[in-house]
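Visitor: One structure, pasted below without further comment.
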Amino acid sequence: MKDRKVVCRCEDLTEEEIIHAIELGYDDLESLKRFTGATTGPCQGKGCLMHLLRILSQKTGKSVDEIGVTTQRQPVNPVPLYILAAAEKGDGE
Amino acid sequence: MTIKVAVIGGGVAGLSAAYFLAKNGAEVSVFEQKYLLYGASGRNSGGLTAQFRNEALIKLALRSLELYNTLQSEIGFNFLLRRDGYVKIANDEVANVLKDEVEIQKRAGVNVKIVDPDFVKSLFPDINENAFSIASYFADGGVVFPWPVVWGLAKGCKELGVKVYDYTPVSVEVKGNEVVGVRVDDELHRADYVINAAGAWSNEISRQAGVELNNKIFKEEICVTESLKPYLDPYILDVSTNVYISQSMRGEIVGGILGNETNNINVKSSLDFLTKYAKRVVELVPKLRGMSILRQWAGVYDLGRDGLPVIGPTKVKGFIQLNGFGRNGMSTAPAAGEALAEYILKGKSKILEYFKP
Ligand SMILES: Cc1cc2nc3c(=O)[nH]c(=O)nc-3n(C[C@H](O)[C@H](O)[C@H](O)COP(=O)(O)OP(=O)(O)OC[C@H]3O[C@@H](n4cnc5c(N)ncnc54)[C@H](O)[C@@H]3O)c2cc1C
Ligand code: FES
C-alpha cells in the first residue's frame with residue numbers, strides 16, 4: 001500500500017486527493033477549499049491551510065502571495081445556540 | 001453562421017443559459033469576475049420550491065425541478081438533491097396570506113396543501129408544534145447543495161465547448177444601438193449577444209449598456225451548525241419571522257433569515273443576525289439549543305420590479321437581461337436559462353413574455 005500522506009486531518013484528505021482536485025480544474029484556493037472540504041473541518045483550516053497553499057503553489061507555479069489567503073469566516077470558536085439566544089442584543093448592525 | 005454569446009456572471013442563471021445555448025449550437029463564453037460560487041449561487045441555502053404567488057414564476061419553478069433531475073444524469077454530476085418537501089409555517093397573523101397563495105398555487109398545478117402543526121411534527125418530530133399555527137406543504141420541493149449545482153453546470157458547459165473564464169471581470173461594450181461584445185482589460189471579446197446574468201451587479205452592467213434596470217439589492221445572512229446525523233428532511237421556512245432551516249447532506253443545520261433591502265453591496269456577517277436567528281431556532285426546535293454555530297456568511301442578490309426576474313431583450317440590440325431572481329434563483333433560474341436559450345436561438349419563448357425587461 002502506498003503511503004497515505006494526510007494533509008487535512010479533520011476531513012481526512014490526502015495530498016493525492018488535493019492534487020486530483022487541482023487537476024480537475026479546482027485550481028484556485030477558494031474552489032479547492034470548497035470542492036475538497038479542506039479547511040472546513042472543526043479546526044477551520046488551522047491544521048491544513050499552509051499545506052494547501054504549498055501544494056497549490058507547486059502545482060500551479062504561482063507564489064503563495066499570488067494565491068492569496070482567504071477570509072476566515074466567523075465565528076472562530078463555535079458558539080452554542082442557547083448562548084446566542086440569551087444575548088441581549090447583537091452588534092447593532 | 002454560429003451565434004456568438006458572451007455571458008456576464010458565472011452563477012446559476014448565467015451557467016444555465018450558457019449550457020442550453022451551447023447544447024443547441026451557440027458558441028458561448030462565460031465571464032466570472034471572481035471564482036465560481038462567489039455570487040449568491042455559492043452562498044445560498046439551496047431550498048427548492050414553487051410556493052409563489054405568480055403563475056409564470058411557478059411554471060419556471062416546476063420546470064426547474066424537472067431540470068435538476070435530468071441535468072444531474074445528463075451532466076454526470078451529483079447535485080445532492082433531496083426531494084423531501086418544502087414547508088412554510090406561519091402564525092395566525094399571516095395564516096390568510098398562506099391560505100390565499102396556496103389557492104393560487106393549486107390552480108397553477110402545484111402539489112401543495114394547507115396542513116396543521118401536527119402534520120409538520122409527523123415530518124419532523126423535533127419541531128415545537130406550539131411555535132406556529134398553520135403550514136403549507138409542497139411535497140415535491142426540497143433542497144440541493146448549491147456548490148455541486150454550479151460546478152456541475154460549469155462542467156456540463158465545458159464539455160459542450162463553452163469557455164468559462166474565472167477571475168475575469170468584464171464590462172459590456174455598445175456601439176450605436178447595438179452590442180459589440182464584452183471588454184476584458186484592453187481586449188474586446190466580440191459577441192452577437194451579451195447576457196447580463198450578473199446578479200446583484202446587474203444594475204451596474206446594465207448602466208454600462210445605457211439601459212435602465214433598477215433591480216433592488218438584498219443582503220441575506222446565513223449560518224451552519226456542526227454536523228448531526230440526518231434527521232431534518234424538509235426545508236422549513238417560517239414566514240412569520242422569515243427564519244428558515246434545513247439540513248445539508250453533510251449533516252449541518254443550514255439556516256438564516258430572509259434578506260433585507262440594502263443600497264450597497266457588502267457581504268459582512270453580523271452578531272445581530274446570529275442572536276436573532278438563534279432565538280427563533282431554539283423556540284422552533286428546542287433540542288437544537290446545544291448545537292454550535294460553526295460558520296456564518298452573507299450573500300447579495302437582486303430582485304426585479306414587481307418581485308419578478310427580468311429576462312429578455314432590451315432597447316440595445318443583442319443586450320439581454322437575465323437577472324432579478326431575488327430569493328428564488330436556485331428554484332427558478334435553470335428553467336429561465338433554458339427558455340432564454342430558446343428565445344435567442346429560435347426567436348420566441350412563451351414563458352418569457354411574463355418577464356420582459
Ligand atoms: C443567504 C442566501 C440564501 C438563499 N437561499 C435560497 C434558497 O433557499 N432558494 C432559492 O431558490 N434561492 C435562494 N437564494 C437566492 C439565490 O442564491 C439567487 O437567486 C441566485 O443564486 C441568483 O443567481 P444569479 O446567477 O442570478 O446570481 P449570482 O449567483 O450572484 O451570479 C452573478 C455572478 O456575476 C458575477 N459578476 C458580477 N459582475 C461581474 C462582471 N463585471 N464581470 C464578470 N462577472 C461578474 C458575480 O461575481 C457573480 O458570481 C439565496 C440567496 C442568499 C444570499
Ligand atoms: S485540518 Fe483541515 S480543517 Fe482541520
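The values are calculated or read from the model by the stated rules, or taken from the named source; none is laboratory data. The model shown is predicted, which means the values in this text are computed figures rather than measured ones. Counting neighbours? That spans all protein chains shown, and the Cβs are built from the backbone with ideal geometry, glycine included.
Visitor: Out of B:Gly255, B:Gly199, report the one residue that is closer than 28 Å to B:Ser16 by Cβ and within 12 Å of chain A (Cβ to nearest Cβ).
Guide: B:Gly255 is the lone residue from the list that is closer than 28 Å to B:Ser16 by Cβ and within 12 Å of chain A (Cβ to nearest Cβ).
Visitor: Tell me, which residue of the stretch B:331-351 that is aliphatic (A, V, I, L, M) and either buried (at least 20 other Cβ atoms within 10 Å of the Cβ) or not in a helix (DSSP H, G or I) (or both) is farthest from the chain's Cα centre (by Cα)?
Guide: Among residues in the stretch B:331-351 that are aliphatic (A, V, I, L, M) and either buried (at least 20 other Cβ atoms within 10 Å of the Cβ) or not in a helix (DSSP H, G or I) (or both), the one farthest from the chain's Cα centre (by Cα) is B:Ile344.
Visitor: Separate question: Among the residues of the stretch B:112-133 satisfying the criterion of being assigned to a helix (DSSP H, G or I) and of a type in the set (Asp, Glu), which is surrounded by the most Cβ atoms within 10 Å (Cβ to Cβ)? Walk me through how you get there before you give the answer.
Guide: First, the residues of the stretch B:112-133 that are assigned to a helix (DSSP H, G or I): B:117-123, B:129-131.
Of the ones still in play, those that are also of a type in the set (Asp, Glu) are B:118, B:129.
On the way: B:Asp118: 8, B:Glu129: 15.
Only one residue tops the list, namely B:Glu129.
Visitor: Name the residue that is surrounded by the fewest Cβ atoms within 10 Å (Cβ to Cβ), counting only residues in the stretch B:295-330 that are aromatic (Phe, Trp, Tyr) and under 17 Å from B:Ala61 (Cβ atoms).
Guide: First, the residues of the stretch B:295-330 that are aromatic (Phe, Trp, Tyr): B:297, B:301, B:319, B:325.
Next, only the ones that are under 17 Å from B:Ala61 (Cβ atoms) stay: B:301, B:325.
On the way: B:Tyr301: 27, B:Phe325: 31.
Result: B:Tyr301.
Residue by residue, here is whether (1) away from ligand 1 (no atom under 14 Å from the Cβ); (2) among the basic types (Lys, Arg) holds:
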residue	(1), (2)
B:Thr241	yes, no
B:Arg280	yes, yes
B:Gln296	no, no
B:Ile311	no, no
B:Gly318	yes, no
B:Lys348	yes, yes
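Visitor: Let me ask you something else. Within the stretch B:221-231, how many residues are surrounded by fewer than 23 Cβ atoms within 10 Å (Cβ to Cβ) and at pLDDT 95 or above?
Guide: Result for the stretch B:221-231: 1.
Visitor: Okay, moving on. If B:Gly307 passes every condition in (1) touching a Gly at 6+ places or on another chain (Cβ under 8 Å); (2) within 30 Å of B:Val162 (Cα to Cα) but one, which one does it miss?
Guide: Here B:Gly307 clears every test but (2).
Visitor: Considering each of B:Lys219, B:Lys268, B:Lys229 in turn, give the residue that is within 11 Å of chain A (Cβ to nearest Cβ) and more than 11 Å from ligand 1 (Cβ to nearest atom).
Guide: Within the list B:Lys219, B:Lys268, B:Lys229, the selection yields B:Lys268.
Visitor: Among what's in the stretch B:288-309 and is among the charged types (D, E, K, R) and part of a strand (DSSP E or B), pick the residue that is nearest to the other protein chains (Cβ to nearest Cβ). Give the steps one after another, and end with the answer.
Guide: Initial filter on the stretch B:288-309 (among the charged types (D, E, K, R)): B:289, B:295, B:302, B:305-306.
Cutting the leftovers down to part of a strand (DSSP E or B) gives us B:295, B:302.
Numbers: B:Arg295: 5, B:Asp302: 21 Å.
Restricting to residues being among the charged types (D, E, K, R) and part of a strand (DSSP E or B), the top hit is B:Arg295.
Visitor: Still on this model: Got a sec? Which helices (runs of 4 or more DSSP H) wholly within the stretch A:10-68 have at least 1 residues that are in contact (Cβ under 8 Å) with a residue 40 or more places away in the chain and more than 22 Å from B:Trp297 (Cα to Cα)? Let's see the steps before the verdict.
Guide: Numbers: elements: A:15-24, A:29-36, A:49-60, A:64-67.
Fully inside the stretch A:10-68 and qualifying: A:15-24, A:49-60.
Visitor: Additional query: Just the residues that are surrounded by fewer than 24 Cβ atoms within 10 Å (Cβ to Cβ) and touching a helix residue (DSSP H, G or I) at 6+ places or on another chain (Cβ under 7 Å), please, taken from the stretch B:6-24.
Guide: If the condition is that a residue be surrounded by fewer than 24 Cβ atoms within 10 Å (Cβ to Cβ) and touching a helix residue (DSSP H, G or I) at 6+ places or on another chain (Cβ under 7 Å), then B:Ala22, B:Asn24 are the ones that fit.
Visitor: Something else now. Give all pairs with beta carbons closer than 9 Å in which a residue from the stretch A:72-93 that is within 7 Å of chain B (Cβ to nearest Cβ) meets a residue that is surrounded by fewer than 18 Cβ atoms within 10 Å (Cβ to Cβ) and at pLDDT below 60; count only pairs at least 6 apart in sequence or on separate chains.
Guide: Listed pairs, sorted by first residue: A:Leu84/A:Gly90.
Visitor: Okay, next question. List, please: which pairs have Cβ atoms under 7 Å, are six or more places apart or on different chains, and start with a residue in the stretch B:274-291 that is small (Gly, Ala, Ser) and end with one that is in a helix (DSSP H, G or I)?
Guide: B:Ala278/A:Leu81; B:Ala278/A:Leu84; B:Ala278/A:Ala85; B:Gly290/A:Tyr82
Visitor: Does B:Ile320 qualify as being farther than 24 Å from B:Asn203 by Cβ, in a strand (DSSP E or B) and touching a Pro at 6+ places or on another chain (Cβ under 9 Å)? Spell out the reasoning first.
Guide: Values: farther than 24 Å from B:Asn203 by Cβ: no; in a strand (DSSP E or B): yes; touching a Pro at 6+ places or on another chain (Cβ under 9 Å): yes.
No: the conditions fail for B:Ile320.
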